[in-house]
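Report on one structure; see the data block that follows.
The values are calculated or read from the model by the stated rules, or taken from the named source; none is laboratory data. Quantities reported herein were computed from a predicted structural model and do not represent experimental measurements. Cβ sites come from the backbone with ideal geometry, for glycine too, and all protein chains shown count toward neighbours.
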Amino acid sequence: MRILLVEPSFPIPPKSKNHRDFLPVGLLKLASFHRERGDEIKLVRGNQQFPDFYPNQVKITSLFTYWSNYVWESAKFYKENYPKARVIVGGIYASLMPEHCKKSGCDEVFIGVDEKAEKFKPAYDLVNVDYQIVHTSRGCLRRCKFCGTWKIEPEFKYKKSIKDEIRSNRVIFYDNNLLANPYIKDILEELKNSKHNGRVVYSESQCGIDGRLLTPEVAKLIKEARFLNPRIAWDHRYDQRKMIKKQIDMLVEAGYPAKDIYVFMIYNYNQDYYEMLKKLRQCKRWGVQIADCRYRPLNQTFEHYNPRARQTNKDYYIHPEWTDRQIKLFRKKVRRQNITIRHGFDIYNYELEREGARIREKRLLSTQE
Ligand code: SF4
């Protein structure tokens, strides 16, 4: 069989291709699975034709529902150019909106996680990355309304150990709720003692840490396991601040400088602009940075957000409690506040930001010489 694996032309900035948050890890696992079966595979980004490769199957991945049009373009393109091939769409959008996805013209929609491919290691030789992706668990114990995880992966499954999977000095965890794994302490111990090519292993978590599961012991293990820039989720009201502060204190006590800790927060959601500003100011007082995430409903099928233009709900999702102006202002304030915290400035100053960037660039060049 000839299998074409397709990542549609999602609007990921060029420098973020192969970025740790956007690696098409599902396709890479499918590549290993098909190789094992003796199939010939090809991985592509976007819509391309191949004079010497006529696929039997085209497997297209999907991401956010609001990027559905890129998936439709790919389904249409491959159906037109390879009419004898079976075009199958899987991934997040396909799993959350299968009926909508079917209208793309594809032959089949694959819902959920492909359990057969899931057992395989991603075929990293197909991409140029200096890290590896690991899942210690699938699904989540919680049921947050704005999250699609528990709809796509309804059963919470976990591994007891990952030490035999480590093949890089940089491990990125794609768990939705890493700390919910009942074996997390054992796994952190493994990471602490892991080496690859004689050098220690550094880790990051793509998702925020569920701070309700944090204890001083786990915080210490996270630090000893060399996790970089831990991110605590503060998804709800300002009046949760005492709880969030305790979680930050545990990480500081474990050895993280406050400025290296991020508070993950969702905006354009149920807390209005003014409540979010209070959360923002509180983070400034604590000296931590913010990882902000603009909310879109799980059935939003388009997105034409432009930070430099005045826009309406016809362009992108604006929550009834928010305005276009507030959304853009909030994003700008987060960015500026993070810069002041990162560089230790008292207030935001464009010239100081440029100076900081110049110093970083100089340092980078000197390490490359
Ligand atoms: S804790 Fe995180 S992964 Fe779990 S349901 Fe809530 S947002 Fe989703």
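Residues in segment 215-262 that are under 24 Å from VAL200 (Cα atoms), part of a helix (DSSP H, G or I) and of a type outside the set (A, V, I, L, M): PRO216, GLU217, LYS220, LYS223, GLU224, GLU253, LYS259, ASP260. Only residues that are surrounded by fewer than 22 Cβ atoms within 10 Å (Cβ to Cβ) and either in a loop (DSSP other than H, G, I, E, B) or among the hydrophobic types (A, V, I, L, M, F, W, C) (or both) were counted in segment 277-289, giving 4. Close contacts from segment 142-153, counting a first residue that is at pLDDT 90 or above and a second that is within 8 Å of the ligand (Cβ to nearest atom) and among the aromatic types (Phe, Trp, Tyr), with Cβ to Cβ under 6 Å and a gap of 6+ residues or different chains, come to ARG143/TRP150. Of the residues making up segment 149-182, those that are over 15 Å from LYS121 (Cβ atoms) and acidic (Asp, Glu) are GLU153, GLU155, ASP175. Only residues in segment 164-180 that are acidic (Asp, Glu) count as the first member; pair them with residues that are away from the ligand (no atom under 16 Å from the Cβ), Cβ under 8 angstrom, at least 6 apart or cross-chain, and list the lot. Listed pairs, sorted by first residue: GLU165/LYS121; GLU165/GLN132; GLU165/VAL134.
Picking from ILE209, ILE184, which residue would you name as being buried (at least 19 other Cβ atoms within 10 Å of the Cβ) and at pLDDT 95 or above?
On the way: ILE209 fails: at pLDDT 95 or above.
Of the residues listed, the single one that is buried (at least 19 other Cβ atoms within 10 Å of the Cβ) and at pLDDT 95 or above is ILE184.
Scanning segment 125-156 for residues being surrounded by fewer than 18 Cβ atoms within 10 Å (Cβ to Cβ), within 16 Å of the ligand (Cβ to nearest atom) and in a helix (DSSP H, G or I) gives a total of 2.
Can you work out which of the residues in segment 157-203 that are part of a helix (DSSP H, G or I) and within 16 Å of the ligand (Cβ to nearest atom) is nearest to LEU214 (Cα to Cα)? Step through it out loud before you land on a result.
Step one: list which residues in segment 157-203 are part of a helix (DSSP H, G or I), which gives 163-165, 178-180, 184-193.
Pick out the ones that are also within 16 Å of the ligand (Cβ to nearest atom) and you get 178-180, 184.
Details: LEU178: 11, LEU179: 7, ALA180: 10, ILE184: 11 Å.
The selected residue is LEU179.
Restricting attention to segment 241-262, the residues being surrounded by 20 or more Cβ atoms within 10 Å (Cβ to Cβ) and more than 15 Å from ARG212 (Cβ to Cβ) number 3. Residues in segment 41-55 that are touching a strand residue (DSSP E or B) at 6+ places or on another chain (Cβ under 7 Å) and within 14 Å of LYS79 (Cβ to Cβ): TYR54, PRO55. Regarding TYR274, is this residue in a loop (DSSP other than H, G, I, E, B), hydroxyl-bearing (Ser, Thr, Tyr) and either within 16 Å of the ligand (Cβ to nearest atom) or without any contact (Cβ under 8 Å) to a residue 40 or more places away in the chain (or both)? So TYR274 fails the test.
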